[in-house]
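Here's the structure we're looking at; comments come further down.
The values are calculated or read from the model by the stated rules, or taken from the named source; none is laboratory data. All of these numbers come straight from a predicted model, not from anything done at the bench. In this analysis, Cβ positions are derived from the backbone assuming ideal geometry, glycine residues included, and neighbour counts consider all displayed protein chains. Heavy atoms of the whole protein, side chains included, go into the accessibility calculation; ligands, DNA and RNA do not. Shrake-Rupley method; radii C 1.70, N 1.55, O 1.52, S 1.80 Å.
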Protein chains: 2
Amino acid sequence: MIHLLIHKMKASPNGAMNEAEMTTKIATGAAELPLNQIVPGDCIEVMNSLPEASVDLIFADPPYNLQLKGDLHRPDNSRVDAVDDAWDQFSSFAAYDRFTRDWLAAARRLLKPHGAIWVIGSYHNVFRLGAELQNQGFWILNDVVWRKSNPMPNFRGKRLTNAHETLIWASKQEASKYTFNYDALKALNEGVQMRSDWVLPICSGHERLKDEAGDKAHPTQKPESLLHRVLLGTTNPGDVVLDPFFGTGTTGAVAKMLGRDFIGIEREKSYRDAARARLDKVRKYDRATLEVTQSKRALPRIPFGQLIERGLLRPGEMLVNARGQMAKVRVDGTLIADDIRGSIHQVGAALDGAPSCNGWTYWSFRREGQMVPIDLLRQQLRAELG
Amino acid sequence: MIHLLIHKMKASPNGAMNEAEMTTKIATGAAELPLNQIVPGDCIEVMNSLPEASVDLIFADPPYNLQLKGDLHRPDNSRVDAVDDAWDQFSSFAAYDRFTRDWLAAARRLLKPHGAIWVIGSYHNVFRLGAELQNQGFWILNDVVWRKSNPMPNFRGKRLTNAHETLIWASKQEASKYTFNYDALKALNEGVQMRSDWVLPICSGHERLKDEAGDKAHPTQKPESLLHRVLLGTTNPGDVVLDPFFGTGTTGAVAKMLGRDFIGIEREKSYRDAARARLDKVRKYDRATLEVTQSKRALPRIPFGQLIERGLLRPGEMLVNARGQMAKVRVDGTLIADDIRGSIHQVGAALDGAPSCNGWTYWSFRREGQMVPIDLLRQQLRAELG
DNA sequence: GTTTATTTTGAATCAGTAG
DNA sequence: TCTACTGATTCAAAATAAA
């Protein structure tokens, strides 16, 4: 913990280091995390200059290698403003694969052992991204489809409307204990577990950043709703989130709102400038707002024996399951039912012939003529213990 | 055209060649297409024995290389019947890649110059499939997401519900003049152009083939609705459709209904037998059971959390009920009122001491001095999402 | 026969802690 | 590093049973 803390170097609230200072720091290989800052430069070089195993999550929206040929026109003859920027040009699949291999390796080095990565792409590049993730030992947890509610139609009627993009969520390795806020995402989805297909609109309207000329500041700005779901679901407040293709800073903006620290890396000055102006306007939510639905797994463990020690249940008292079968509570917190002895879980599993059993919800006891689940006593004890 | 016709050798309507005859024909390298038949054997060998440039479309559902570990149980302790068949076992990604390279090369050789291929997979294998397609010169036209309306849930709450599979549609080469029945698919989609995400139920009920013991005949039978859309959209009547992983013959069944010729290749005798029995019962143009989901269009369910993600409500904002009681909106779409936390419905019910509550009509928020029910935002979102 | 309640099932890389 | 133990965890649709 101390190891990581000494690397943290938060930007002052009033403003970040200027870019000249930043470049110097990076070039000298200072092992400090430029938290909540936008680092100029090539993302591979910058990542390699940062201390290894220091980042909780990486969100990466790399160039898509679109390979567009001529101009595309709408049926009314207006020209579609396509992604034709220099940063999206690669000479071949091999060149794109080399680039992918290098930046993914640099990203993997930066991740903590239990860290994870999100990448987003379209059919032009996502298969190469996914294959290389697997080749490097990342462990894919889900692929997620961002289903656009308002995609651009296919004007020529030669293919299906390309109405989605694909995200891949992967942990650093198979053994990683990745962060997944299951209950928060379930709450966000009105009580049913979140699926791998997310219906969200593209980034437009007020959210879409414009330059002085009124044109879009970045050709592929991602919606904040997408990052909200990613960061809420797979990071905790205070986590460090790095975006090596920061663009106009959607990842940073949502991270700031949600009380996560971000590191942005971006090569193009115009994008950095737009992102800085944007980030200055973002405010963090207060603590009560940031709090999310808590998982039961995070609650303190209460040994069943404590109910007896604390006098909430008496030794010798009988417990009953849903089928009316009974078991006697023994002084050491184990049960006995006929000749089956063991914990509340073991005896329940044995009676049901089941591979496992949650004894807390399986057993009830009698109080004033009523059957009361023993889990109620656990809740009572947890409340007492604060 | 004549060149192709001489290769065609349709099965007699009353029955196909028996398997012994078939094997002999293949072994001698007879350059004839076994139309509307199921060829036994390894798909690579069989494909290499058929004449090149003779097939219009290939639909391939190869093994997914799932790499499952131990058993999985549902919360009710029942065991999940997993895909653990020998044909899905590969020793490494390298072995899977070799297999993929070989069968794709054999498939590409069989395709006519203007032919196309569909492959289907999950995140376990689809990135390797897509990358190898590109490596071999196939030209990806779309990736299509099959969004399952009734997927298996994630029982342990450790990941997102894996609710989709991915199909890739690619032509033999960039210059191919592939078949795309734009208007047919547009008609199928109620007059708006077909998108790259298809919502279809999994294969179950009467359509799911059972063996004598009443168990599923094949662990991964695909729904006919999926193949209906593929074949209707990317083939013409009379086209030759080849499926190298024929299984229990969904591709053949739909091809027969739609008046396309099929060639099935399948290694496992039990699958071939089930497929033959199935195909015998299929009649051309029996479309009644297809596209069942198309008709029912219920109002889309909008989770309250989406209002937050979409910025229609801000986290931290206060909601008010009819009695003037207030609750604060949290980032995961839950509310907090004093020490009561939960969904809009739960908190409303708790405040009223009621068993249930419709949060959508219970809560309002302040906009420009006016109190506005949150249900208005839901209606707004529904309109946007179409 | 009709309606309602209960059971079954689906391509799944599905646990974490203490000793 | 390995073993033992605790205890958290599911949605939609079809099939079957019950009323």
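So the values come out like this:
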item	result
Helices (runs of 4 or more DSSP H) fully within region B:36-138 counting 3 or more residues that are away from DNA strand C (no atom under 13 Å from the Cβ) and within 14 Å of another protein chain (Cβ to nearest Cβ)	B:93-110, B:126-135
Qualifying positions in region B:190-209 - in contact with a His (Cβ under 7 Å, 6 or more places away or on another chain) and either among the hydroxyl-bearing types (Ser, Thr, Tyr) or more than 14 Å from chain A (Cβ to nearest Cβ) (or both)	B:196, B:209
Filter pass, residue A:144 being away from DNA strand D (no atom under 16 Å from the Cβ), under 24 Å from residue A:35 (Cα atoms), aliphatic (A, V, I, L, M) and in contact with a strand residue (DSSP E or B) (Cβ under 6 Å, 6 or more places away or on another chain)	no
Those residues of region A:353-386 which are free of Cβ contacts under 8 Å to residues at least 12 places away in the same chain and either within 11 Å of DNA strand D (Cβ to nearest atom) or of a type in the set (Lys, Arg) (or both), in sequence order	A:354, A:355, A:356, A:367, A:379
In region B:31-65, the residues that are modelled with pLDDT under 95 and out of contact with any strand residue (DSSP E or B) (no Cβ under 9 Å at 6 or more places or on another chain)	B:31
Residues located in region A:370-382, provided they are open to solvent by 60 Å² or more (accessible area, probe 1.4 Å) and not in a strand (DSSP E or B)	A:376, A:379, A:380
Candidate set from region B:303-320 (those that are within 10 Å of chain A (Cβ to nearest Cβ), free of Cβ contacts under 8 Å to residues at least 60 places away in the same chain and outside any helix (DSSP H, G or I)); member that is farthest from residue A:257 (Cα to Cα)	B:303
Residue in region A:199-207 that is under 25 Å from residue A:55 (Cβ atoms) and in contact with a Phe, Trp or Tyr (Cβ under 8 Å, 6 or more places away or on another chain) present	no
Answer residue from region B:161-186, given it is at the interface with chain A (Cβ under 7 Å from one of its Cβ atoms) and either of a type in the set (Gly, Ala, Ser) or within 11 Å of DNA strand D (Cβ to nearest atom) (or both) and is farthest from the chain's Cα centre (by Cα) among those	B:161
Unmet criterion (only one of (1) within 15 Å of DNA strand C (Cβ to nearest atom); (2) more than 15 Å from the chain's Cα centre (by Cα); (3) on the phi < 0 side of the Ramachandran plot) for residue B:148	(2)
Qualifying positions in region B:167-207 - touching a residue at least 24 places away in the same chain (Cβ under 8 Å), assigned to a helix (DSSP H, G or I) and either more than 16 Å from DNA strand C (Cβ to nearest atom) or touching a Gly at 6+ places or on another chain (Cβ under 8 Å) (or both)	B:184, B:185, B:188
Qualifying residues in region A:284-302 (those that are part of a loop (DSSP other than H, G, I, E, B) and farther than 24 Å from residue B:316 by Cα) - the one farthest from the other protein chains (Cβ to nearest Cβ)	A:302
Residue match in region B:1-23 (condition: more than 16 Å from DNA strand D (Cβ to nearest atom), at pLDDT 95 or above and out of contact with any Asp or Glu (no Cβ under 6 Å at 6 or more places or on another chain))	no
Subset of region A:135-168 (residues that are more than 25 Å from residue B:185 (Cβ to Cβ) and open to solvent by 20 Å² or more (accessible area, probe 1.4 Å))	A:135, A:136, A:137, A:139
Among (1) within 16 Å of DNA strand D (Cβ to nearest atom); (2) out of contact with any Pro (no Cβ under 9 Å at 6 or more places or on another chain); (3) among the charged types (D, E, K, R) - the single one residue B:52 does not satisfy	(1)
Meets criteria (surrounded by 14 or more Cβ atoms within 10 Å (Cβ to Cβ) and within 14 Å of DNA strand D (Cβ to nearest atom)) for residue A:299	no
Some residue of region A:321-342 being open to solvent by 20 Å² or more (accessible area, probe 1.4 Å), outside any loop (DSSP other than H, G, I, E, B) and in contact with a Gly (Cβ under 6 Å, 6 or more places away or on another chain)	no
Boolean, residue A:213 is surrounded by fewer than 20 Cβ atoms within 10 Å (Cβ to Cβ) and either without any contact (Cβ under 8 Å) to a residue 40 or more places away in the chain or within 15 Å of DNA strand D (Cβ to nearest atom) (or both)	yes
Hits in region A:169-192 - residues which are in contact with a strand residue (DSSP E or B) (Cβ under 9 Å, 6 or more places away or on another chain) and either modelled with pLDDT under 95 or open to solvent by less than 30 Å² (accessible area, probe 1.4 Å) (or both)	A:169, A:170, A:171, A:176, A:187, A:189
